[in-house]
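The values are calculated or read from the model by the stated rules, or taken from the named source; none is laboratory data. The structure presented is a predicted model; accordingly, all values stated were derived computationally and were not measured. Ideal geometry is used to build each Cβ from the backbone, glycine not excepted, and the neighbour counts take in all protein chains shown. The accessibility values were calculated without ligands, DNA or RNA, using every heavy atom of the protein model including side chains. Shrake-Rupley method; radii C 1.70, N 1.55, O 1.52, S 1.80 Å.
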Amino acid sequence: MHRTTTSPVISVSGVTKDFGTTRALDHVDLSVEQGEVVVLLGLSGSGKSTLLRHVNGLERPSSGSVRVLGQEVPTLRPRALRTMRGRVAMVFQQFELVPALTVLENVLTGALSRLRGPRLGVWSYPRAVRTAALTHLDRVGLLEKAHQRADELSGGQQQRVAIARALMQDPEILLADEPVASLDPESSAQVMRLIREIAADDGLTVVCSLHQVDIALGWGDRIVGLRHGAVVLDLPTAGISKAQVMEIYGRVSTSSAEIRVIATELGDVELLDAARSTGDR
Ligand SMILES: Nc1ncnc2c1ncn2[C@@H]1O[C@H](COP(=O)(O)OP(=O)(O)OP(=O)(O)O)[C@@H](O)[C@H]1O
């Protein structure tokens with residue numbers, strides 16, 4: 001791989017983020033090494049998106065430090081921030097493609113941040129960029145869809161187009177915010193496998209938020225669990241069991257209503273029954 005760094009590529013220390021009276025992140029520490037594939041696991045509202053948005057400078061911490069690729073993100077001036085963001089690609093739950101453009105045009109837009117001037121249509125991009133876009137489309141298995149409108153594709157295919165678009169940045173870090181939350185199980189598996197393969201092939205550092213424990217368990221190198229904005233779990237994926245994840249979530253749960261949500265998420269029937277029979281405390 002073409003990049004080698006010894007210090008962590010992402011280093012979040014003591015980050016707290018308040019939105020008014022809502023504490024979205026609570027003294028979060030997270031250190032990610034180059035090439036690591038990390039899952040941020042947590043229920044809705046646990047702070048996953050907010051943490052990812054701090055890594056690419058879309059949010060500023062209320063307190064604490066966010067270092068990415070050797071730079072303190074909140075202190076970067078707009079130009080330096082743009083350059084840094086060029087090295088950090090992001091994919092989203094809702095894909096964020098332009099529906100009326102072709103698949104190829106959508107992928108090409110991934111190169112816009114490093115090209116000068118506006119571009120209209122495939123032929124307005126330099127040949128090398130067009131070739132790269134087709135190569136990335138081939139990598140995600142959608143070369144034959146290049147000239148189809150993006151909104152004619154299935155959800156899973158659209159997410160793969162979004163991944164190809166992200167690769168146009170030649171990123172060092174890929175942030176994926178619930179990339180499979182709106183996909184069926186089969187498409188989810190395909191997208192997750194693709195991200196894993198690309199990470200391994202390119203030595204890409206990946207931080208991916210998920211709420212599905214089952215997907216998280218079989219996927220990355222490490223699972224970081226968030227709850228109410230705080231890190232409650234940070235363990236290598238190898239050897240970690242569903243019960244262990246459950247125990248940690250359970251230990252920090254305060255009400256049976258919360259435990260019901262977690263049990264449903266985990267598909268843990270026994271726990272669900274127990275939570276139902278206890279009623280709200
Ligand atoms: N811009 C904002 N203004 C006010 N509150 C916010 C803002 N962004 C996030 N929050 C709040 O911060 C908390 C964490 O939200 P966040 O979106 O990071 O969670 P999440 O784990 O990504 O959940 P989801 O998967 O549902 O998006 C929530 O209580 C949310 O309502």
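Out of segment 167-186, which residues are more than 12 Å from the chain's Cα centre (by Cα) and open to solvent by less than 20 Å² (accessible area, probe 1.4 Å)?
Leu167, Met168, Pro171, listed by residue number.
Mind listing whichever residues of segment 51-85 are at negative phi and in a loop (DSSP other than H, G, I, E, B)?
Listed by number, the residues that qualify are Asn56, Leu58, Glu59, Arg60, Pro61, Ser62, Leu76, Arg77.
Could you go through segment 46-63 and let me know if any residue there is of a type in the set (Asp, Glu), at pLDDT 95 or above and out of contact with any strand residue (DSSP E or B) (no Cβ under 7 Å at 6 or more places or on another chain).
For segment 46-63, residues of a type in the set (Asp, Glu), at pLDDT 95 or above and out of contact with any strand residue (DSSP E or B) (no Cβ under 7 Å at 6 or more places or on another chain): absent.
So how many residues does segment 187-232 have that are within 16 Å of the ligand (Cβ to nearest atom), touching a Lys or Arg at 6+ places or on another chain (Cβ under 9 Å) and among the β-branched types (Val, Ile, Thr)?
2
Got a sec? Which helices (runs of 4 or more DSSP H) wholly within segment 100-210 have at least 3 residues that are within 30 Å of Gly45 (Cα to Cα)?
So the answer is 155-167, 185-202.
Can you name the residue in segment 27-50 that is within 6 Å of the ligand (Cβ to nearest atom) and in a loop (DSSP other than H, G, I, E, B) and is also surrounded by the fewest Cβ atoms within 10 Å (Cβ to Cβ) among such residues?
Of everything passing the filter in segment 27-50, Ser44 is surrounded by the fewest Cβ atoms within 10 Å (Cβ to Cβ).
Determine which member of the set Ala100, Ala89, Ala24 is of a type in the set (A, V, I, L, M, F, W, C), away from the ligand (no atom under 16 Å from the Cβ) and open to solvent by less than 50 Å² (accessible area, probe 1.4 Å).
Ala89
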